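Okay, so here's the structure we're looking at.
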Amino acid sequence: MSEQNLLNSIAGFREAWQAKEALERSGTDFHEIKGEVASTVVQLHPKRLELEVAEVIDETASTRTLRLVATDHSLLPPFQAGQYINLFVEIDGVATARPYAISSSPSQRVYYDLTVKRAQGGFVSNYLLDRVAAGQRFLSSGPMGTFHHNPLYHGDDLVFLAGGSGGAPARSILLDILDRGLSHRFHLVYVNSYIDDVIFDDEFRELANRHENFTLSEVISRPPTGYWGYTGRLTEELLQRLLGDIGNKMFYICGPTPFNDNCVELLTRLGVKRRRIRVEANGAPKAPNEQTGWPEGVSLDDEVTVTVRGRGSFRSRVGEPLLNALERNGYGTENACRSGECSLCRVKLVSGAVFNPQEAHLRKSDRDFGWIYSCVAFPTGDIEIQL
Amino acid sequence: MKHYDAVVIGAGNAGLTAATALQRGGSRTLLLERHNIPGGCATSFVRGDFEFEVALHQLSGLGTKDKPFVMRQLFDKLGVLDKVEFVQEHDLYRLVVPGELDVTLPASWTGLRNLLQGMFPAESEAIERFLLVCEKVSLEGFMTLPKARKANSDAALQSLCPYYVQYGFRSARDVLDEFFSDAKLKNVLATYWLYLGVPPSMLPFPDLAVMLYAYAVFKPWHIKGGSQAMSTALVESFLEAGGEVRFNCGVEKILTEDGRVCAVRLEGGERVSCDAVVSNASPLITFNELLDLERPPLAIQQDFKSRRMGTSAFVIYLGLDCTPQELGVTAASSFIYETLDEEQIHDRMGTLQTPLGGMLTCYNFEDPSAAPPGKSQVMLVCLQYGDVWKSVAPEDYARTKYDFAEKLIALIEKVYPKVRQYIEEVEVATPLTMMRYLNTPGGAIYGFQQSAQDSALLRERLDGVPGLYIAGSWTSMGGFQPTYMAGESTARAVLKQLKVKEVEHV
Ligand SMILES: Cc1cc2nc3c(=O)[nH]c(=O)nc-3n(C[C@H](O)[C@H](O)[C@H](O)COP(=O)(O)OP(=O)(O)OC[C@H]3O[C@@H](n4cnc5c(N)ncnc54)[C@H](O)[C@@H]3O)c2cc1C
Ligand code: FES
């Protein structure tokens with residue numbers, strides 16, 4: 001007896017069989033959707049973008065904007081204002097990358113602006129500022145990140161505390177609101193060290209004059225003598241004065257790490273709930289040794305050996321994030337945020353110990369089974385990893 | 001060029017159990033995953049202080065320590081039982097239809113019967129009989145049906161599977177109608193259809209029976225650290241057994257020689273030769289795109305023609321700055337309907353209009369470690385077919401996503417009015433998100449639509465290309481238990497095949 005006959009005596013089997021045959025007659029072998037998954041996904045989340053510098057715009061003495069277009073001049077993927085792309089570069093034989101917030105408005109998709117400020121002793125920022133000209137090509141990730149306005153709960157009363165290059169995502173979020181004609185209130189508290197090094201200052205002032213829902217408060221921390229505006233570090237009093245009633249405001253913070261930490265602390269003291277504060281990620285910590293849990297007797301300048309299973313080994317410094325060290329020595333992993341948030345740089349720690357700073361947003365099971373996010377992992381002794 | 005006995009494409013549930021079983025079974029195995037982390041659906045992601053479970057609501061088939069069931073044995077066999085911690089859930093679910101119905105079913109077979117009989121005394125005797133039928137159909141489906149099929153005798157079938165013979169291919173709707181007259185009782189018993197996305201009229205009765213029986217008797221479970229913990233534990237066990245895994249490593253082609261699988265080509269061009277390939281990627285992608293043949297074998301094209309695309313999901317992951325109690329949660333899993341008409345709820349799943357049915361799962365209700373102290377990890381879901389998202393222009397995607405999220409939140413707010421006011425973190429996943437992370441057509445999360453016509457009993461294995469095996473939700477039932485089991489059983493078939501080959505070579 002054939003199997004089909006056997007099952008025929010199960011109630012409903014014949015009907016199901018007939019229904020299946022009817023479907024077979026009216027259905028297709030799905031050949032018509034060949035390639036559809038890839039072509040759908042790539043429109044929103046391309047793994048890599050091929051970009052070309054269309055223009056280099058001088059902003060201030062320390063800062064330039066790279067205007068990037070698609071090499072084939074097609075439209076770039078949409079993004080949410082505040083998001084970043086990870087820009088891949090090769091500098092003197094070292095392949096690495098850095099995430100940069102898009103500073104232009106998402107209302108046009110011909111170009112993305114990346115606004116790059118010189119970082120003291122920086123590797124990539126100096127390269128982008130000094131050695132990049134129009135016509136140069138880059139690969140990047142697609143737009144990513146969660147530092148953007150979320151209409152599900154952020155509301156329409158927004159305050160952005162920006163320090164220095166934090167003006168880049170602030171500009172994108174502001175332009176997005178204005179371009180879409182949204183009624184959201186947007187208050188930018190913009191803190192800079194020097195009066196002649198304020199990115200987008202003229203543009204911001206002009207927009208503040210023209211738009212009632214945009215308020216600009218400029219603060220200069222190292223003012224020249226005779227400066228009449230707000231000066232010094234942000235304080236509770238100053239913030240209180242600038243913000244007035246806290247109400248249901250949503251706060252965005254983006255700047256150097258000490259600035260971010262200070263802002264969170266001030267807002268907390270002013271009674272702002274942590275859930276109303278978004279802080280942009282900021283790379284690996286410069287001083288992981290000041291965080292709790294740092295092993296005693298280990299210094300950032302200690303040397304360690306990093307072994308890449310099956311491939312080789314090199315000497316590195318404790319204070320250098322593992323991903324950077326790998327890249328400098330000709331290895332690498334996929335990466336995007338380089339701040340411990342996206343987990344793309346996850347690698348297996350086979351032996352030895354690393355310090356996972358508070359920036360490392362590890363999953364419970366990563367901790368349990370020895371997986372680390374190399375962009376924010378600091379080897380505190382000799383280690384072996386598997387790429 | 002490197003050579004392996006077996007290459008497994010995709011580290012979803014079935015890929016992970018297949019790879020682990022293969023390697024532990026003595027075959028040199030390479031596991032390849034496009035994403036940077038194992039799990040497919042069975043994964044998690046971190047936002048702020050929260051680690052969000054992506055997919056697992058209730059793990060079935062585990063049983064308690066005293067009364068273990070198949071999954072405990074399977075996990076033990078795969079070397080992961082002591083690598084993860086399970087947390088038992090004490091209720092099946094709470095079903096709320098505002099103004100009509102609000103009931104919480106306990107995860108206990110007698111408790112369930114007592115509760116239903118108390119609520120619907122007029123149907124007391126029918127409830128007793130119905131639950132018995134659920135139990136018998138489940139047990140026969142698992143234990144005696146395979147025996148009867150092996151014996152291939154009608155007499156064996158009739159004597160070993162009397163209940164299955166009576167109910168095995170009928171729809172849940174049909175059987176519920178036979179037993180009960182109270183419409184609400186039928187709603188209460190059919191609620192699990194919303195997990196599967198197939199309305200009671202299309203849902204094979206055994207699927208519903210197994211869910212009720214297995215969850216009530218063997219309990220629903222969570223995993224500490226989420227399903228990601230199981231995925232990572234499986235990788236650990238696989239590595240311990242000497243397996244090799246590569247992440248961020250998509251397979252571009254499955255190569256054949258004289259009609260037999262001989263190698264895979266990776267993105268970037270590298271070629272890895274092997275005797276067998278187990279594909280955990282969708283068979284549509286596997287046969288129509290990965291395989292180097294112009295057209296898949298006829299039998300496979302024929303099989304595809306009788307399939308229909310299954311459902312995807314729209315999910316809102318919420319990190320809330322309040323306790324489950326403050327939110328008003330009284331059971332980990334809630335189903336919320338806007339109407340008592342399940343067909344209508346299902347029809348809406350093909351549109352972007354306000355969903356008529358949704359669910360809320362609060363993970364730290366039973367497992368406090370699932371959220372930081374004082375906070376809650378909550379998932380809102382409604383199943384949805386991916387098709388409607390194809391026509392959304394890229395520039396409208398974010399807005400469409402938030403608009404639809406508003407609609408789902410509005411539905412859930414009818415029962416949990418405070419869900420919006422405590423939000424600290426939120427992430428929204430649409431069918432396109434599923435498509436991106438799973439590489440499945442339509443963003444399908446359970447493979448093909450699981451109506452009676454989809455049943456494996458009506459179909460041959462998709463084994464038209466020697467050396468190529470398919471494992472996953474597309475060829476078994478979707479969901480955690482079925483896919484974990486499908487991977488392991490596929491590995492057994494591969495091991496058998498590899499042994500035969502070895503003998504031929506001697
Ligand atoms: C939001 C949501 C909620 C769910 N809720 C439940 C629930 O409560 N209970 C339940 O039982 N089930 C639930 N499911 C469904 C369940 O998770 C799935 O049915 C099951 O996990 C599918 O497993 P799979 O083995 O088929 O693989 P999948 O999870 O589909 O994984 C396939 C893997 O293959 C990889 N891959 C694909 N193509 C390639 C390639 N070319 N090269 C390399 N790798 C590739 C993918 O990246 C992916 O990792 C849910 C799913 C989702 C998304
Ligand atoms: S690159 Fe994002 S976590 Fe390391």
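The values are calculated or read from the model by the stated rules, or taken from the named source; none is laboratory data. This is a predicted model, so every value here is computed, not measured. Positions of Cβ are backbone-derived with ideal geometry, glycine not excepted, and every protein chain shown enters the neighbour counts. For the accessible areas, the whole protein counts, side chains as well, though only heavy atoms, and no ligand, DNA or RNA atoms are used. Shrake-Rupley method; radii C 1.70, N 1.55, O 1.52, S 1.80 Å.
Quick rundown of the values:
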item: Spans of helices (runs of 4 or more DSSP H) in the stretch A:226-341 with at least 3 residues among the polar types (S, T, N, Q) and in the same structural domain as A:Arg171 (by TED's automatic domain parsing); result: A:257-269
item: Which listed residue is of a type in the set (Ser, Thr, Tyr) and out of contact with any helix residue (DSSP H, G or I) (no Cβ under 8 Å at 6 or more places or on another chain), from A:Thr305, A:Thr268; result: A:Thr305
item: Residue count for the stretch B:430-447, restricted to those that are facing another protein chain (nearest Cβ under 8 Å) and open to solvent by 20 Å² or more (accessible area, probe 1.4 Å); result: 2
item: Near pairs, Cβ below 6 angstrom, 6+ apart or cross-chain, from the stretch B:183-208 (away from every other protein chain (no Cβ under 13 Å) and more than 16 Å from ligand 1 (Cβ to nearest atom)) to any residue that is assigned to a loop (DSSP other than H, G, I, E, B) and of a type outside the set (A, V, I, L, M); result: B:Leu185/B:Phe120; B:Lys186/B:Phe180; B:Ala190/B:Pro200
item: Scope the stretch A:72-104; condition in a strand (DSSP E or B) and hydrophobic (A, V, I, L, M, F, W, C); matching residues; result: A:Ile85, A:Leu87, A:Phe88, A:Val89, A:Ile91, A:Val94, A:Ala95, A:Ala97, A:Ala101, A:Ile102
item: Hits in the stretch A:43-71 - residues which are β-branched (Val, Ile, Thr) and part of a loop (DSSP other than H, G, I, E, B); result: A:Thr71
item: Those strands (runs of 3 or more DSSP E) lying entirely in the stretch B:73-121 with at least 1 residues over 20 Å from the mean Cα position of the chain (by Cα); result: B:91-97, B:101-106
item: Residue in the stretch B:50-64 that is more than 16 Å from ligand 2 (Cβ to nearest atom), out of contact with any Cys (no Cβ under 9 Å at 6 or more places or on another chain) and open to solvent by 50 Å² or more (accessible area, probe 1.4 Å) present; result: no
item: Residues being part of a helix (DSSP H, G or I) and either in contact with an Asp or Glu (Cβ under 6 Å, 6 or more places away or on another chain) or within 14 Å of B:Glu460 (Cβ to Cβ) (or both) - total across the stretch B:288-302; result: 5
item: Some residue of the stretch A:16-31 being within 16 Å of ligand 1 (Cβ to nearest atom) and either more than 30 Å from B:Arg149 (Cβ to Cβ) or touching a Pro at 6+ places or on another chain (Cβ under 8 Å) (or both); result: yes
item: Whichever residue in the stretch A:329-339 is touching a helix residue (DSSP H, G or I) at 6+ places or on another chain (Cβ under 8 Å) and more than 9 Å from chain B (Cβ to nearest Cβ) and, among such residues, is farthest from ligand 2 (Cβ to nearest atom); result: A:Gly332
item: Enumeration of residues in the stretch A:178-226 that are open to solvent by 50 Å² or more (accessible area, probe 1.4 Å) and of a type in the set (Phe, Trp, Tyr); result: A:Tyr194
item: Test: B:Leu95 is surrounded by 24 or more Cβ atoms within 10 Å (Cβ to Cβ), more than 22 Å from B:Gly479 (Cβ to Cβ), touching a residue at least 12 places away in the same chain (Cβ under 8 Å) and away from chain A (no Cβ under 14 Å); result: no
item: Any hit, the stretch B:480-503, residues being hydroxyl-bearing (Ser, Thr, Tyr), within 14 Å of chain A (Cβ to nearest Cβ) and more than 10 Å from ligand 1 (Cβ to nearest atom); result: no
item: Any chance B:His35 is open to solvent by 40 Å² or more (accessible area, probe 1.4 Å) and within 16 Å of ligand 2 (Cβ to nearest atom); result: yes
item: Condition check for B:Leu457: farther than 17 Å from B:Gly197 by Cα, more than 8 Å from chain A (Cβ to nearest Cβ), in contact with a helix residue (DSSP H, G or I) (Cβ under 7 Å, 6 or more places away or on another chain) and open to solvent by 10 Å² or more (accessible area, probe 1.4 Å); result: no
item: Any hit, the stretch B:23-39, residues being within 11 Å of ligand 1 (Cβ to nearest atom) and polar (S, T, N, Q); result: yes
item: Among (1) part of a loop (DSSP other than H, G, I, E, B); (2) over 20 Å from B:Val46 (Cα atoms); (3) within 12 Å of another protein chain (Cβ to nearest Cβ) - the single one A:Val350 does not satisfy; result: (1)
